[in-house]
Amino acid sequence: NQQETAGDTGQEITTDGGSGTGGDEAGEAADPVENGNFTVPDNIQPGIYYDIPNEAYHAGPGVSKSQLDDIADTPAIYLWRKNAPVDTEKTKTLDTGTAFHCRVLEPEEFSKRFIIAPEFNRRTSAGKEEEKTFLEECARTGRTVLTAEEGRKIELMYQSVMALTECIAGEVDQ
């Protein structure tokens, strides 16, 4: 029985072997397993962990709610999704969804993990060179680059979620 909750920045794990970050409950450091720029401990204990990138959460040794749904449907689906090769072209498409997830649930982490590119005039040599230089600089930061249009859409969706949140919380005049 595992429960996954999406708070502002935390993930709650309620069964042994969950996903997240941190050492044991006594605060001791865990043995790290590298996941990109984020270290995922290999002896994660149940609990609530903050400041976990979504990729690190899902890369941990535990089973997520989505994975439990796959197992409930057909265990073979779970195993296939866990072990199937990754299509890097598709991954780029998923960056927008991951960025939106981060913008809503980890807003203080967004600028650390993503960068929104300015618009470049790709019809000119100067514009192409500016874009090339920008992308080279971004590659050194390890952040995911989003186009200006992707950034615009993410911000629009974020503002929409925040407007709904204010309505639900009763913060909007009736």
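The values are calculated or read from the model by the stated rules, or taken from the named source; none is laboratory data. The structure displayed is predicted, hence computed values, not measured ones. Counting neighbours? That spans all protein chains shown, and the Cβs are built from the backbone with ideal geometry, glycine included.
Looking at the structure I just gave you, is K153 more than 25 Å from L94 (Cβ to Cβ) and basic (K, R)?
no
Going through the range 101-129 one residue at a time, which ones are part of a helix (DSSP H, G or I) and free of Cβ contacts under 8 Å to residues at least 12 places away in the same chain?
Once the filter is applied, which keeps residues that are part of a helix (DSSP H, G or I) and free of Cβ contacts under 8 Å to residues at least 12 places away in the same chain, the range 101-129 yields F110, S111, S125, A126, G127, K128, E129.
Can you name the residue in the range 114-130 that is surrounded by 15 or more Cβ atoms within 10 Å (Cβ to Cβ) and more than 15 Å from E155 (Cα to Cα) and, of all such residues, is nearest to the chain's Cα centre (by Cα)?
Residues of the range 114-130 that are surrounded by 15 or more Cβ atoms within 10 Å (Cβ to Cβ), as a first pass: 114-117, 120, 130.
Among the residues that remain, those that are also more than 15 Å from E155 (Cα to Cα) are: 120, 130.
Details: F120: 26, E130: 28 Å.
My answer is F120.
Exactly one of these conditions fails for P61: (1) modelled with pLDDT of 75 or more; (2) over 28 Å from I154 (Cα atoms); (3) surrounded by 13 or more Cβ atoms within 10 Å (Cβ to Cβ). Give me its number.
(1)
Hey, among the residues in the range 131-152 that are of a type in the set (S, T, N, Q) and assigned to a helix (DSSP H, G or I), which one's farthest from the chain's Cα centre (by Cα)?
From the range 131-152, those of a type in the set (S, T, N, Q) are 133, 141, 144, 147; that's our starting set.
Going one step further and asking which of them are assigned to a helix (DSSP H, G or I), we end up with 133, 141.
On the way: T133: 26, T141: 17 Å.
In this case the residue turns out to be T133.
Just to be sure before I move on: is A26 outside any helix (DSSP H, G or I), surrounded by 12 or more Cβ atoms within 10 Å (Cβ to Cβ), at pLDDT below 70 and not assigned by TED's automatic domain parsing to the domain that holds Y158 in the structure I sent?
Values: outside any helix (DSSP H, G or I): yes; surrounded by 12 or more Cβ atoms within 10 Å (Cβ to Cβ): no; at pLDDT below 70: yes; not assigned by TED's automatic domain parsing to the domain that holds Y158: yes.
Answer is no for this residue.
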